[in-house]
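What follows is a short report on a single structure.
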């Protein structure tokens, strides 16, 4: 519709407010209680305008066709000015000393020409609360606008904040009114971003000096792919804020991406190369370090053959670095022995989704959550591991969507769910077969879709007859009635979506778990159809999807093109100028086995701390000790570096150029905001230096050129380039040509399987690799905590440690009573593979007989405990099921 702002005409959509129209006309209008991410409040009266003869609050007044808005009406302007003066009258004088870029109130005063207040009376003297490491409250600047409260409720869904008191005494409080740090606040920073006065701020913004540069980049923590604005002052990061209007996070972030950036200047950053001499790592020059690596790799290749060398690439590195890594391995070394940490988390996703649908990615964009009416959340805890997605799920549930959670723990979203199937670890296939049985038995199927676009229905229907509710419920230790309720909620939904995580993949039968979960979407016609919401696999690290997309895998080249296909190899060889090895290489677990057997003599690790993150860490250490050469690039000293012969200082995501691919297949730009410390450099540069020293020219002089080369060889990435991403923003793959859009929703024109049909999979339940017994009666589940990330190498070097300084073992009170363990006591956890000492935390979030811990802290060596059992199809470790014994004391 057309609206007139003064003499300017603007077009706005139906449902727009007059304030939206003012902004569309690029006009300024103070609105101290308004944030476009929140429902309008209309309480501050600072956005008064005259519209068709009436004085109205622009933030709550709806735009109508042809309405004329006068921003300069004397009566409206005087009333709005008086409202601002009244607000100012209650505040201390320093409220107007806040820099205008950080205070909407200061900008409102400038707009109205206010330098003081004509009102007199008491001003606030309520003090500050700086107990939280990141969220700082100055109560005297609070104007009780309610924006922070609404942000916490409507966007984050935590409901940690409230306004207490009335009138002059109204002020924001967190939790029960005690110190902010003791409240349920999750540190997302949304309240800080929304506060219009500076009452809520953060350490980097308390400094009155202005920032000097802002760089838009993509977060380097989890795989959600939030766009962040990095604000720099004097060459150092002053603050990071979520980018408004970003397609994935929509101006929201989590405590890690928003605040945990101090690691980039930590005292123990690696800043110069290290070489092992006389048993000790000592500083050396880049020339010496590179020459050492090149000489010893060349010698190993000459003496033992190229397959005696293995490279582990990085889900933390950019796409361009992963592309260069696999090109280096296949050309400079001459082997396919390259893998990345998706082997340890989402390899079953790639295998399972490819087998079911033909492509190794989630089927739909995150945006489709906005219209789902039922969410099946399986094996994922997104409010802690992927908080922005977790918040989006909470928003949908609070708006009326139904929620089914399959998880052995009672997570925050499980507590919010309509049905929580608290299935025993390792029983996923039985649960999903039971749900499939019910969908078929109650005819909750899309018959046209099944008839026209799928294969395998008869085989699946026959198999799941063996999984009626009582049988599946007994295997999974859940109630049959809950299985029935879950199936009906999912089966009767118009727009169901499946969101899953590592609780599905990190099992001895993880690929079967993905296939049987995909069956549910296929039975409902919820993939590859207009209006569907599909399947979203949550990726643990920032570029797990991209590392695999770029071919850092032993059996495929970029775009999942098989190395066994001669036509594919020939196409790459023609451009690279060197033959591509035809035999698939070793997976990560096979690399370690081969090293111990003396078949792999050199392991080159890029940006992964495999000793801390991989299962059965004793076995990993033995593999590294067996090698003649271990090389690692990293940002900090690590457990892996302790075994290395050469350690190279690498740049962090805040210091490099390139792209990541997030969990819903979006290519997004990564840009350097600050320079790396000392002589640290990017993995891209390091790989070029090593190849050059070996006499190999990898080409691709810049990250932009590397992505362009990859796109020229990979049809599904053909339309992706740095230049296009800079001009248009994120692009989903497949993106098949520079003039074609990315495909946000997959399979609308047919599935990418050989016959063009989605393949249902008849997979029986098989027991996990380990079962509890008399010697090891408990099951250990591993996962992540909200404020820490992965091995903790970054977050443990930030104030996040004030919020969670150490790992604990979650233990059910009934088990604790039997073991005579009290909350806070030390316990020893022993498995068949190792032992660790942790502090017990009693909670009913875990079921009796089960315990839970994360692997963020090296002194709590959780992966010394985890078993070597792996998924038969992909080699993904079974992190989620390890039989353990708990005993009191260290």
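The values are calculated or read from the model by the stated rules, or taken from the named source; none is laboratory data. Being a predicted model, the structure only gives us computed values, none of them experimental. Cβ placement follows ideal geometry from the backbone for every residue including glycine, while neighbour counts extend to all protein chains displayed.
Identify, from the list 93, 63, 80, the residue that is loosely packed, with under 14 Cβ neighbours inside 10 Å and not assigned by TED's automatic domain parsing to the domain that holds residue 204. I'd like the intermediate steps shown before the answer.
On the way: 63 fails: loosely packed, with under 14 Cβ neighbours inside 10 Å; 80 fails: loosely packed, with under 14 Cβ neighbours inside 10 Å.
Selected residue: 93, the only one of 93, 63, 80 that is loosely packed, with under 14 Cβ neighbours inside 10 Å and not assigned by TED's automatic domain parsing to the domain that holds residue 204.
Taking region 426-461, which residues are touching a strand residue (DSSP E or B) at 6+ places or on another chain (Cβ under 7 Å), assigned to a helix (DSSP H, G or I) and over 17 Å from residue 379 (Cα atoms)? If the condition is that a residue be touching a strand residue (DSSP E or B) at 6+ places or on another chain (Cβ under 7 Å), assigned to a helix (DSSP H, G or I) and over 17 Å from residue 379 (Cα atoms), then 453 is the only one that fits.
Listed here are the residues, each with its yes/no results for (1) farther than 19 Å from residue 586 by Cβ; (2) outside the structural domain of residue 366 (by TED's automatic domain parsing); (3) more than 19 Å from the chain's Cα centre (by Cα).
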position	(1), (2), (3)
608	no, yes, no
614	no, yes, yes
623	no, yes, yes
627	no, yes, yes
644	yes, yes, yes
649	yes, yes, yes
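When 399, 356 are screened for being on the phi < 0 side of the Ramachandran plot and in contact with a strand residue (DSSP E or B) (Cβ under 9 Å, 6 or more places away or on another chain), only 356 passes. As an exercise: evaluate residue 534 against (1) over 15 Å from residue 361 (Cβ atoms); (2) in contact with a strand residue (DSSP E or B) (Cβ under 7 Å, 6 or more places away or on another chain) and give the number of the one condition it does not meet. Among (1) over 15 Å from residue 361 (Cβ atoms); (2) in contact with a strand residue (DSSP E or B) (Cβ under 7 Å, 6 or more places away or on another chain), the lone unmet condition for residue 534 is (1).
Tell me, yes or no, whether region 183-193 has at least one residue that is surrounded by fewer than 19 Cβ atoms within 10 Å (Cβ to Cβ) and modelled with pLDDT of 95 or more. Steps first, please.
Of all residues in region 183-193, those surrounded by fewer than 19 Cβ atoms within 10 Å (Cβ to Cβ) come to 184.
In the following step, the residues that additionally are modelled with pLDDT of 95 or more were identified as 184.
Yes: region 183-193 contains one or more residues that are surrounded by fewer than 19 Cβ atoms within 10 Å (Cβ to Cβ) and modelled with pLDDT of 95 or more.
Taking the criterion of being more than 31 Å from the chain's Cα centre (by Cα) and surrounded by 16 or more Cβ atoms within 10 Å (Cβ to Cβ), would at least one residue in region 144-153 satisfy it? Yes, region 144-153 contains a residue that is more than 31 Å from the chain's Cα centre (by Cα) and surrounded by 16 or more Cβ atoms within 10 Å (Cβ to Cβ). Scanning region 695-719 for residues that are surrounded by fewer than 19 Cβ atoms within 10 Å (Cβ to Cβ) and not in a helix (DSSP H, G or I) yields 695, 696, 697, 699, 701, 702.
Please return the ranges of strands (runs of 3 or more DSSP E) entirely within region 241-314 where 1 or more residues are in contact with a helix residue (DSSP H, G or I) (Cβ under 7 Å, 6 or more places away or on another chain). Spell out the reasoning first.
Numbers: elements: 274-277, 280-283, 309-312.
The strands (runs of 3 or more DSSP E) meeting that bar are 274-277, 309-312.
Cβ-Cβ contacts under 9 Å between residues 6 or more apart (or on different chains), taken from a first residue in region 132-146 that is without any contact (Cβ under 8 Å) to a residue 40 or more places away in the chain to a second residue that is surrounded by 24 or more Cβ atoms within 10 Å (Cβ to Cβ), are listed as 144/172.
Scan region 414-425 and give yes if some residue there is part of a helix (DSSP H, G or I) and crowded, with 19+ Cβ neighbours inside 10 Å, otherwise no.
First, the residues of region 414-425 that are part of a helix (DSSP H, G or I): 414-416.
Cutting the leftovers down to crowded, with 19+ Cβ neighbours inside 10 Å gives us 414.
Yes, region 414-425 contains a residue that is part of a helix (DSSP H, G or I) and crowded, with 19+ Cβ neighbours inside 10 Å.
Restricting attention to region 333-367, the residues that are surrounded by fewer than 24 Cβ atoms within 10 Å (Cβ to Cβ), in contact with a helix residue (DSSP H, G or I) (Cβ under 6 Å, 6 or more places away or on another chain) and part of a helix (DSSP H, G or I) total 1.
Hey, among the residues in region 21-30 that are out of contact with any helix residue (DSSP H, G or I) (no Cβ under 6 Å at 6 or more places or on another chain) and in a loop (DSSP other than H, G, I, E, B), which one's surrounded by the most Cβ atoms within 10 Å (Cβ to Cβ)? Talk me through it step by step, then tell me what you get.
To start, the set of residues in region 21-30 that are out of contact with any helix residue (DSSP H, G or I) (no Cβ under 6 Å at 6 or more places or on another chain) comprises 21-28.
Keeping just the survivors that are in a loop (DSSP other than H, G, I, E, B) gives 25-28.
Details: 25: 18, 26: 9, 27: 14, 28: 12.
Once the filter is applied, the top-ranked residue is 25.
The residue that is surrounded by the most Cβ atoms within 10 Å (Cβ to Cβ), counting only those in region 774-786 that are at pLDDT 95 or above and more than 18 Å from residue 502 (Cα to Cα), is 778.
Here's the yes/no breakdown for (1) at pLDDT 95 or above; (2) over 23 Å from residue 663 (Cα atoms); (3) buried (at least 18 other Cβ atoms within 10 Å of the Cβ):
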position: 454; (1), (2), (3): yes, yes, yes
position: 465; (1), (2), (3): yes, yes, no
position: 481; (1), (2), (3): yes, yes, no
position: 504; (1), (2), (3): yes, no, yes
position: 515; (1), (2), (3): yes, no, yes
position: 532; (1), (2), (3): no, no, yes
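Inspection of region 368-381 identifies at least one residue that is surrounded by fewer than 24 Cβ atoms within 10 Å (Cβ to Cβ), touching a strand residue (DSSP E or B) at 6+ places or on another chain (Cβ under 8 Å), assigned to a helix (DSSP H, G or I) and in contact (Cβ under 8 Å) with a residue 40 or more places away in the chain.
Determine whether residue 786 is touching a helix residue (DSSP H, G or I) at 6+ places or on another chain (Cβ under 8 Å), closer than 30 Å to residue 367 by Cα, part of a loop (DSSP other than H, G, I, E, B) and not assigned by TED's automatic domain parsing to the domain that holds residue 850. Reasoning before the result, please.
On the way: touching a helix residue (DSSP H, G or I) at 6+ places or on another chain (Cβ under 8 Å): yes; closer than 30 Å to residue 367 by Cα: yes; part of a loop (DSSP other than H, G, I, E, B): yes; not assigned by TED's automatic domain parsing to the domain that holds residue 850: no.
Considered against the rule, which asks whether it is touching a helix residue (DSSP H, G or I) at 6+ places or on another chain (Cβ under 8 Å), closer than 30 Å to residue 367 by Cα, part of a loop (DSSP other than H, G, I, E, B) and not assigned by TED's automatic domain parsing to the domain that holds residue 850, residue 786 comes out as no.
Of 289, 253, 260, which residue is closer than 18 Å to residue 790 by Cβ and touching a strand residue (DSSP E or B) at 6+ places or on another chain (Cβ under 8 Å)?
Numbers: 289 fails: closer than 18 Å to residue 790 by Cβ; 260 fails: touching a strand residue (DSSP E or B) at 6+ places or on another chain (Cβ under 8 Å).
Result: 253 is the single residue among 289, 253, 260 that is closer than 18 Å to residue 790 by Cβ and touching a strand residue (DSSP E or B) at 6+ places or on another chain (Cβ under 8 Å).
Residues in region 739-768 that are over 21 Å from residue 522 (Cβ atoms) and within 28 Å of the chain's Cα centre (by Cα): 740, 741, 742, 768.
Of all residues in region 439-462, none are closer than 23 Å to residue 540 by Cα and touching a residue at least 24 places away in the same chain (Cβ under 8 Å). Which members of region 462-512 meet the condition of being within 20 Å of residue 770 (Cβ to Cβ), out of contact with any helix residue (DSSP H, G or I) (no Cβ under 7 Å at 6 or more places or on another chain) and either in a loop (DSSP other than H, G, I, E, B) or not assigned by TED's automatic domain parsing to the domain that holds residue 372 (or both)? Within region 462-512, 477, 506, 508 meet the criteria. Within region 10-20, being modelled with pLDDT of 90 or more and either part of a strand (DSSP E or B) or closer than 18 Å to residue 48 by Cα (or both) holds for 11, 16, 17, 18, 19, 20.
So that you can scan it fast, the table gives a plain yes or no per residue for (1) in contact with a strand residue (DSSP E or B) (Cβ under 9 Å, 6 or more places away or on another chain); (2) buried (at least 17 other Cβ atoms within 10 Å of the Cβ):
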{"residue": "75", "(1), (2)": "yes, no"}
{"residue": "106", "(1), (2)": "no, yes"}
{"residue": "118", "(1), (2)": "no, no"}
{"residue": "121", "(1), (2)": "no, no"}
{"residue": "124", "(1), (2)": "yes, yes"}
{"residue": "140", "(1), (2)": "yes, yes"}
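Counting only residues that are surrounded by 13 or more Cβ atoms within 10 Å (Cβ to Cβ) and either at positive phi or more than 31 Å from the chain's Cα centre (by Cα) (or both), region 262-287 holds 6 of them.
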